[in-house]
1. Loop only by DSSP, 10 or fewer other Cβ within 10 Å of the Cβ. Give me the chymotrypsin sites (Phe, Trp or Tyr not before Pro) in the stretch 27-63 that pass, ordered by residue number.
2. Quick one: which residues, 5+ away or cross-chain, put their amide H under 5 Å from the amide H of W79? H built at 1.01 Å from N.
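Quick note: the coordinates plus some simple rules give every number you see, no bench work behind them. Everything quoted here is computed from the prediction, not taken from an experiment. Cβ placement follows ideal geometry from the backbone for every residue including glycine, while neighbour counts extend to all protein chains displayed.
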Amino acid sequence: SAIASNGSAAVDRAGATDSRLQPLREALPGAGPLGWVTDRNDVEHFYQAQYALAPRLLIPAEPVDGLDLPPEPREVARWAAAFESEAALARTTARLGLRVERPLGDGLYVLERMPGS
């Protein structure tokens with residue numbers, strides 16, 4: 001049925017996100033708030049990332065389409081990022097006063113706040 005196949009596709013996407021974000025799970029503290037920056041601004045991707053990185057609480061750096069959670073980037077010390085585009089990463093980190101602390105490959109990064117930001 002269409003419902004079963006749509007549900008199955010969502011599970012497949014969540015599993016793929018979970019596997020892709022494994023390096024972030026290993027590189028970041030195991031709990032607490034974590035800033036989240038990405039070039040995919042959709043609520044499904046945000047929830048998949050939140051699930052994959054739990055029990056950390058993801059705080060989006062910018063509004064997420066379909067998510068009623070205000071961004072609070074100044075409250076967060078540690079940042080995780082997933083980007084498809086290095087140009088988008090460069091634009092976004094410059095705008096938010098962040099810099100790459102450690103690249104993890106496959107478009108994943110640990111970020112830190114730039115001094116004075």
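1. Working: sites: W36, F46, Y47, Y51; in loops: none.
For chymotrypsin sites (Phe, Trp or Tyr not before Pro) across the stretch 27-63 that sit outside H, G, I, E and B with at most 10 neighbouring Cβ atoms in 10 Å, the list is empty.
2. Answer set, sorted by chain and number: G35, L111.
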